[in-house]
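Undergrad: Mind looking over this structure? Questions follow.
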Amino acid sequence: AQKVTQAQTEISVVEKEDVTLDCVYETRDTTYYLFWYKQPPSGELVFLIRRNSFDEQNEISGRYSWNFQKSTSSFNFTITASQVVDSAVYFCALSEEGGNNRKLIWGLGTSLAVNP
Amino acid sequence: DAGITQSPRHKVTETGTPVTLRCHQTENHRYMYWYRQDPGHGLRLIHYSYGVKDTDKGEVSDGYSVSRSKTEDFLLTLESATSSQTSVYFCAISEGLAGNEQFFGPGTRLTVL
């Protein structure tokens, strides 16, 4: 069965600290996709990144980086030099290739508070 | 930003009344989804559509129905609203290829008294 676990419910850091948000997934498929979304206090859901199961290269986008490790079924998200604007709930999600449903399996989210 | 609008954005209604939420997209995406978001439960899929008049249930479909008569519109109906359906409802769209990301509307906050 597919499952996404974000074990950290809430994280609080001080501005400029680095912070890593963990995401562990379960799937039987060999082809699958992983996603991160951000939900700031304003409430909208913003797509951040997609990774497919055949691409284990780490991705960096500015202060954001993602570490995908199939060996540990993890897709962790690191924010370097955090800022107050990074305060949000972050969701990790999984999609499998098979079938027609194109559904996402969502983690419950990690609430990140970056304090000045 | 993907062109997705939801209406209304806020609604307060009474138990037992029917409610319809509308999602409208201008992206011509094939797939559309309705989610609800509640504290402690994350995002839960209610129904989704993979084409005009093609819909299927998600994990929390009881008490909800949907319709999609045009590519751009996906309606969510609460036939007889209950207080347990107080939630924030999000519509999402995707192109429908495997691995496509979903893009979300701004959400509708529904309160059932």
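Values quoted throughout were computed directly from the atomic coordinates according to the rules given, and no laboratory measurement underlies them. Worth saying up front: this structure is predicted, and the values here are computed from it rather than measured. FYI the Cβ positions are ideal-geometry reconstructions off the backbone, even for glycines, and counts take in every protein chain you see.
Undergrad: Excluding same-chain residues fewer than 8 positions from B:K53, which lysines have a Cα within less than 20 Å of its Cα?
TA: Partners found: A:K103, B:K70.
Undergrad: To the nearest whole percent, what portion of all C-alpha pairs in chain A is separated by more than 20 angstrom?
TA: Everything past 20 Å amounts to 38 percent.
Undergrad: Comparing B:G42, B:G96, B:G63, which has the greatest mean-square fluctuation in the GNM of chain B with Cα pairs linked when under 10 Å apart?
TA: Highest fluctuation of the listed residues: B:G42.
Undergrad: Given R₀ = 35 Å, what would the calculated FRET efficiency be for B:S7 paired with A:S71, taking r from the Cβ atoms and rounding to 0.05?
TA: 0.15
Undergrad: What's the longest uninterrupted piece of chain B once you rule out the trypsin sites (Lys or Arg not before Pro) that are loop residues per DSSP with at most 14 other Cβ within 10 Å?
TA: With trypsin sites (Lys or Arg not before Pro) excluded where exposed in loops, chain B gives B:54-113 as its longest stretch.
Undergrad: Semi-axes, largest first, in whole Å: what does sqrt of 5 times each Cα gyration tensor eigenvalue give for chain B?
TA: 22, 14, 13
Undergrad: Residues of B:37-44, mean number of Cβ from any other protein chain within 10 Å of their own Cβ, rounded to a whole number?
TA: The mean count of partner-chain Cβ atoms within 10 Å per residue comes to 4.
Undergrad: Taking a threshold of 22 Å on the Cα-Cα distance, which of the pairs A:K70/B:K57; A:K16/A:K38; A:K38/B:K57; A:K3/B:K57 fall above it?
TA: Distance filter (> 22 Å) returns A:K70/B:K57; A:K38/B:K57.
Undergrad: Let me ask something else about it. Give the separation of the Cα centroids, the stretch B:7-45 to the stretch A:5-82, in Å.
TA: 26 Å
Undergrad: Can you give me the distance in nm between label points at A:D22 and A:N115, each placed 7 Å from the Cα along the Cα-to-Cβ direction?
TA: 2.2 nm
Undergrad: Counting only other chains, what is the mean number of Cβ atoms within 10 angstrom of the Cβ of each residue in peptide A:42-53?
TA: Across A:42-53, the average partner-chain Cβ count within 10 Å equals 4.
Undergrad: Right, another one. About its Cα centre, what dipole magnitude does the protein assembly as shown give when the only charges are +1 on Lys and Arg Cβ and -1 on Asp and Glu Cβ, stated in debye to the nearest 20?
TA: 460 debye
Undergrad: Let's see if you can work this out: charge +1 on each Lys and Arg Cβ, -1 on each Asp and Glu Cβ, no other charges. What is the dipole magnitude of chain A about its Cα centre, in debye to the nearest 20?
TA: In debye, rounded to 20, chain A gives about 260.
Undergrad: Here is a further query. Report the extension gain between B:A98 and B:R44 in nm, rounded to one decimal, defined as 0.36 nm multiplied by the number of residues separating them, less their alpha carbon distance.
TA: Fully extending the segment from B:A98 to B:R44 adds 17.5 nm.
Undergrad: Inside 10 Å of the C-beta atoms of A:26-35, what's the mean count of C-beta atoms belonging to other chains?
TA: 1
Undergrad: Kindly give the semi-axes, whole Å and largest first, of the ellipsoid equivalent to the protein assembly as shown, taking each as the square root of 5 times a Cα gyration tensor eigenvalue.
TA: Over the Cα atoms of the protein assembly as shown, the ellipsoid semi-axes are 30, 21, 15 Å.
Undergrad: Using +1 on the beta carbon of Lys and Arg, -1 on that of Asp and Glu, and nothing else charged, what's the dipole of chain B about the Cα centre, debye to 20?
TA: Charge dipole of chain B: 220 debye, to the nearest 20.
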